[in-house]
Amino acid sequence: MNFEIKLSQRVCNIEQSASIVANEAIASLHKQGKNVINLSIGEPDFYPADKVKEEAMLAIAKNVNAYTNAQGILELRQAISKKLREENGIVADPGKNILVTPGVKQALFYLNSCLINPGDEIIVLEPYWFTYLESVKLCDGIPVPVVGKEEKGFKPTTRQIEEKITSKTKYIVLSNPCNPTGAVWDIQELKEIVSLAKAYNLLIIADEIYEKIIFDNHKFVSIASLPEAEEITITLNGFSKCSAIQGWRVGFVVANEVIIKAMLKIQQQVATCVNSIAQRAAVVAFEQTEEIKKMVQVYQQRRDLMVNGLNSIMHFQCKKPLGGLFIFVNISSLNLGSVAAASILLEKLGIGVVPGVAYGKNFDHYLRFSFTTSEENIREAVKRLTLFFGTKK
Ligand code: PLP
């Protein structure tokens, strides 16, 4: 081929998703007949609740085939508004403050597209979910990481955040519960972030996709529910983790009317609307409280099994995450970079994890383990690791 394709600088500047790359490498090993335990991606290994599946099948049977309202079907926006009021203490008008999107990832892209001007700075708390960074870069913004130390629960202090604020800072991104660390922000910490944001005229982007995957009866607080926070907070959430319909691609944004209108314009131009069948099914997803409760109980048991197992192995140190689907494991005594360590686990032990460096350059001595797999697989992974690295003295 003689034709030289010149890609945009923008796309050349962004990285692939580390967890998708790891997951696909593992899938290809599976196809080759290799026995690999996949602890890489954070996708629920549960099925959707029966009622959610029934609604989707009913929608197909009723020929729900047309494009929907671009903002999302009204019934779904009403169900989201009710859930926000009852569960999160957030008041959101279904007509003005809610946009249904094809997942949080796409919502982030819309949001960054309508808020960032070239050179604007966005504060991301490191370790971070890598999409926050790449999505900002894709919109010509500059991500500014603020490092959270392990001894502080991986949460940067407000003083550290303040030190990184400049005249170009536009907003602070908060993953609560956090991917990859499982950190959950308490009410006092959230209040401090709100005060800081108000003092510097910043917006807050709160990604609450793991809000229901909370352990040990810990209390989750939505930052937008705090006094004076609602007008400056954009809440992102969806059905991928708590309702286990991640492949159906439904998420939502809750924000000020001006932001919703701007994002809606982008959605009209790039997606038209979210899949009509998935929207119908999502209307009943919040009602499946028993299923969600059971799923979280299972995740908690797996978390305990994995944390206890990993902590018994030479060079592996981790704390119990309070929420989310991951364990962020310190392997500093191995004296190996995280990419090399993850390759050893994959090639020698048949265990797929994500290198810590994907979550920030200061975390190259960590590995992210997902517990979205069976107890049997977790036991087997711990057994393989123990045989290879030995147990702690
Ligand atoms: N937000 C966080 C913090 C995540 O870890 C993920 C994981 O894939 C997502 C959002 C993705 O959400 P969605 O499937 O709604 O795009």
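The values are calculated or read from the model by the stated rules, or taken from the named source; none is laboratory data. Model, not experiment: these values are computed from the prediction. Because the Cβ atoms are built from the backbone with ideal geometry, glycine has one as well, and the counts that use them run over all protein chains shown.
Here is how the numbers come out for the structure above:
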| read-out | value |
| --- | --- |
| Residues of region 293-349 that turn out to be in a helix (DSSP H, G or I) and not β-branched (Val, Ile, Thr), as a count | 29 |
| Counted residues, region 362-386 - those being over 20 Å from Ser338 (Cα atoms) and without any contact (Cβ under 8 Å) to a residue 40 or more places away in the chain | 2 |
| Which listed residue is more than 16 Å from the ligand (Cβ to nearest atom), of a type in the set (A, V, I, L, M, F, W, C), touching a residue at least 12 places away in the same chain (Cβ under 8 Å) and surrounded by 19 or more Cβ atoms within 10 Å (Cβ to Cβ), from Ile73, Ile41 | Ile73 |
| Selection count, region 125-157, where residues are crowded, with 19+ Cβ neighbours inside 10 Å, β-branched (Val, Ile, Thr) and under 16 Å from Glu192 (Cα atoms) | 1 |
| Selection from region 198-217 of residues that are farther than 23 Å from Ile260 by Cβ, at pLDDT 95 or above and more than 15 Å from the ligand (Cβ to nearest atom) | Ala199, Tyr200, Phe215, Asp216 |
| Flag for Glu55 being of a type in the set (Asp, Glu), farther than 21 Å from Val296 by Cβ and either away from the ligand (no atom under 15 Å from the Cβ) or in contact with a strand residue (DSSP E or B) (Cβ under 7 Å, 6 or more places away or on another chain) (or both) | yes |
| Pick from region 164-180, criterion away from the ligand (no atom under 11 Å from the Cβ) and hydroxyl-bearing (Ser, Thr, Tyr), ranking: surrounded by the fewest Cβ atoms within 10 Å (Cβ to Cβ) | Ser167 |
| Some residue of region 371-380 being in contact with a Pro (Cβ under 7 Å, 6 or more places away or on another chain), surrounded by fewer than 17 Cβ atoms within 10 Å (Cβ to Cβ) and under 25 Å from Phe130 (Cβ atoms) | no |
| Residues of region 83-109 that turn out to be under 16 Å from the mean Cα position of the chain (by Cα) and either over 18 Å from Ser175 (Cβ atoms) or more than 16 Å from the ligand (Cβ to nearest atom) (or both), as a count | 1 |
| Glu134, sole failed condition from (1) within 15 Å of the ligand (Cβ to nearest atom); (2) over 20 Å from Tyr359 (Cα atoms); (3) touching an Asp or Glu at 6+ places or on another chain (Cβ under 8 Å) | (2) |
| Residue within region 5-12 that is part of a loop (DSSP other than H, G, I, E, B), of a type outside the set (A, V, I, L, M) and out of contact with any His (no Cβ under 6 Å at 6 or more places or on another chain) present | yes |
| Enumeration of residues in region 44-54 that are crowded, with 21+ Cβ neighbours inside 10 Å and not β-branched (Val, Ile, Thr) | Pro48, Ala49 |
| Unique residue being of a type in the set (Lys, Arg) and either at pLDDT 95 or above or more than 30 Å from Ser113 (Cβ to Cβ) (or both) when the list is Lys51, Lys6 | Lys51 |
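Quick grid of which residues meet (1) within 18 Å of the chain's Cα centre (by Cα); (2) basic (Lys, Arg):
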position	(1), (2)
Asp140	no, no
Pro145	yes, no
Lys149	no, yes
Phe154	yes, no
Thr158	no, no
Ile161	no, no
Ser167	no, no
Val173	yes, no
Thr181	yes, no
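Conditions (1) within 14 Å of the ligand (Cβ to nearest atom); (2) within 30 Å of Leu345 (Cβ to Cβ), marked per residue:
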{"residue": "Ala244", "(1), (2)": "yes, yes"}
{"residue": "Phe252", "(1), (2)": "yes, no"}
{"residue": "Ala262", "(1), (2)": "no, no"}
{"residue": "Thr289", "(1), (2)": "no, no"}
{"residue": "Met295", "(1), (2)": "no, yes"}
{"residue": "Gln301", "(1), (2)": "no, yes"}
{"residue": "His315", "(1), (2)": "no, yes"}
